[in-house]
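Novice: Have a look at this one before I ask anything.
The values are calculated or read from the model by the stated rules, or taken from the named source; none is laboratory data. What you see is a predicted model, and the numbers here were worked out from it, not measured in a lab. Reconstructed Cβ throughout: ideal geometry from the backbone, glycine too, with neighbour counts over all protein chains shown.
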Amino acid sequence: MVQEAEPITATPGLIEADVLCIGCGYSLKGLDAAGKCPECGLSVAGTLSLDPLPLASDAYLKRVHLGLVLAFISAVLQIVVGQPAGFVAGTFIGTSSGPAGSMAPRIALSVAVAISPLVLCQCLSIVAWWILTTRDRELNRYGERVLRRFIRIVLVVTAIWLPITVTLHIVGAMHQLPSLLFRSMPYANSVIDLVLLGAWFFPAMLFLRKMALRTADFRAARRARLLLWLAPPIWIAPFAWPIVSDVIFKAGWLLGTLFIFVLCTLARIVSAVAYAAMLNWLRKDVKRVRASQRAMMEARGAPAEVRA
């Protein structure tokens with residue numbers, strides 16, 4: 001039996017759920033819903049208007065927790081496997097020269113090294129965010145509906161584009177397309193990848209920031225806001241690689257390799273670590289909320305099948 005959303009009050013006007021003030025994190029449990037937070041003076045109604053996660057159903061929280069876990073695993077894989085593979089592949093591509101035929105072996109090797117782990121991370125991230133943006137049927141006031149729907153649209157488009165871009169890379173490597181056509185492919189892929197990344201990234205960070213406020217996790221909310229302006233230039237830099245690679249590698253192989261490592265790998269790893277840490281904080285928040293809900297139901301003597 002699915003647990004219903006926990007009522008805000010058992011006694012009219014009093015908050016019985018473990019809701020934290022979005023202004024300071026003070027527990028509003030036992031306070032009048034029409035009153036103010038005794039710690040910071042923010043109206044209790046202002047917090048309740050965000051539909052705090054302690055008021056959500058356990059079924060919804062379970063899916064959100066699963067989505068956060070999968071997104072965290074995807075971010076860790078991106079750090080441990082995806083970025084190093086991208087660095088190796090970028091080095092192979094950047095140092096390739098000559099007609100299409102002579103480039104084919106190195107390009108094929110870069111595809112073999114980079115495509116598999118990167119596709120795995122991307123697929124896992126798509127699944128994670130699809131679960132994470134599940135609609136809560138119990139709480140409808142919260143203004144994340146537009147963000148949730150937009151993110152899901154981008155996920156669908158990304159899922160369609162992913163096999164296309166992989167195919168383009170493999171075809172370019174194995175079939176030795178003419179040099180002009182092959183050289184044009186990275187530009188087209190970069191533009192489309194950049195558009196899709198931006199279309200997902202900004203609403204996703206806003207979504208996570210609002211989720212952090214719903215649990216009064218100000219550390220996670222600040223991290224989401226930081227990533228909103230810090231991560232874009234870091235992640236945009238590698239997309240300029242098809243344009244600048246020839247120029248940089250002509251200046252020297254060592255200079256080109258350092259450019260890839262610092263701007264296209266190391267900086268992205270740092271931002272990915274910050275993103276993964278934020279997901280882990282939110283995961284712990286949701287886990288805490290679920291534990292609090294279950295403890296409250298046990299205290300009320302709810303049947304075991306309801307608590308499950």
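Novice: For a quick check of your reading of the model, give me the residue pairs whose first member lies in the range 201-227 and is outside any helix (DSSP H, G or I), whose second is among the basic types (Lys, Arg), with beta-carbon atoms closer than 9 Å and at least 6 apart or on different chains.
Specialist: 215/288; 217/284
Novice: Considering only residues of the range 23-80 that are among the aromatic types (Phe, Trp, Tyr) and assigned to a helix (DSSP H, G or I), which is farthest from the chain's Cα centre (by Cα)?
Specialist: Among residues in the range 23-80 that are among the aromatic types (Phe, Trp, Tyr) and assigned to a helix (DSSP H, G or I), the one farthest from the chain's Cα centre (by Cα) is 60.
Novice: Still on this structure, please answer the following. Could you grab the pairs with beta carbons closer than 7 Å, sequence gap of 6+ or different chains, first residue in the range 152-165 and without any contact (Cβ under 8 Å) to a residue 24 or more places away in the chain, second one surrounded by 13 or more Cβ atoms within 10 Å (Cβ to Cβ)?
Specialist: Final answer for the pair search is 152/130; 152/133.
Matching residues to (1) modelled with pLDDT under 85; (2) surrounded by fewer than 16 Cβ atoms within 10 Å (Cβ to Cβ):
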{"site": "91", "(1), (2)": "yes, no"}
{"site": "108", "(1), (2)": "yes, no"}
{"site": "120", "(1), (2)": "no, yes"}
{"site": "133", "(1), (2)": "no, no"}
{"site": "137", "(1), (2)": "yes, yes"}
{"site": "167", "(1), (2)": "yes, yes"}
{"site": "174", "(1), (2)": "yes, yes"}
{"site": "198", "(1), (2)": "no, yes"}
{"site": "205", "(1), (2)": "no, no"}
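Novice: Follow-up question, since we're still on this one. Taking residue 6, is it modelled with pLDDT under 80, charged (D, E, K, R) and part of a loop (DSSP other than H, G, I, E, B)?
Specialist: For residue 6, the condition - modelled with pLDDT under 80, charged (D, E, K, R) and part of a loop (DSSP other than H, G, I, E, B) - is met.
Novice: Restricting the first residue to the range 228-240 and requiring it to be assigned to a helix (DSSP H, G or I), which pairs with a second residue that is at pLDDT 70 or above and of a type in the set (Ser, Thr, Tyr) meet a Cβ separation below 8 Å and a spacing of at least six or different chains?
Specialist: Pairs found: 230/271; 231/271; 231/275; 234/271; 235/271; 239/190; 240/190.
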